[in-house]
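These notes are about the structure you will find just below.
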Amino acid sequence: MSRIVLGITGTKTYENRIKIKNFIHKLREQTDLEIEIVGLGDGHGADKYVKKFALELGYNYREMNPPHTTKNLYSLMTESYYEKPYSHKNMFVRNQIFCQYVNKCVIFDDSNTTDKKVNALIKQLTKVRKKAIILTP
């Protein structure tokens, strides 16, 4: 069976957990492919709900947390990638690897804010010619 690696993330302020849950739940109905969901590992906004519902609904879940954090059970990278000193470049590196790893990306955006993470991610996805779907409330 083939698989699709789907990046799912969103703004720090996105809180429509029902929309995220419904989207993740309906993925299996849309395809026969095995689906791996990859989040960015942030503990707030859309990312916390992506992790929660992907795991609850039985998906293979991985996360691309930044290099200055510790490796956890769902971390995508090897041990040597983590526990680096904090630098603003860490997010750029994380986004670069994330965009190269996923096949497609879904971004939940609560259009009330301009989110630097989302803007940087869209720019990087465009650079590596990956498709992004932006969902608003």
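Phi angles of region 6-23 translate, via the Karplus equation with coefficients 6.51, -1.76, 1.60 and θ = phi - 60°, into HN-Hα couplings of 10, x, 10, 8, x, 6, 5, 9, 6, 10, 7, 5, 5, 5, 5, 4, 4, 4 Hz per residue; Gly and Pro are given as x.
The calculated FRET efficiency for Lys116 paired with Asn72, based on their beta-carbon distance and R0 = 25 Å, is about 0.55.
Kirkwood radius, the chain, all distinct C-alpha pairs, inverse of mean reciprocal distance: 15.0 Å. Amide H to amide H distances under 5 Å link Gly41 with Met64, where only residues 5 or more positions off or on other chains count and H is placed in the peptide plane. Residue exposure proxy: Tyr49, Tyr59, ordered by other Cβ atoms within 10 angstrom of their Cβ from fewest to most, comes out as Tyr59, Tyr49. Whole-Hz Karplus values for region 93-102 come out as 4, 4, 5, 4, 5, 4, 5, 6, 7, 7 Hz, taken residue by residue from phi with 6.51 cos²θ - 1.76 cosθ + 1.60 and θ = phi - 60°; glycine and proline positions read x. Computed 3J(HN,Hα) for region 39-47, one whole-Hz value per residue from the Karplus formula 6.51 cos²θ - 1.76 cosθ + 1.60 where θ = phi - 60°, is x, 9, x, 6, x, 9, x, 4, 4, glycine and proline marked x.
Where a number appears in this text, it was derived from the coordinates with a stated rule and is not lab data. Everything numeric in this text was worked out from a predicted model, so none of it was measured. Neighbour counts are summed over all protein chains in view; Cβ atoms, including those assigned to glycine, are modelled from backbone coordinates with ideal geometry.
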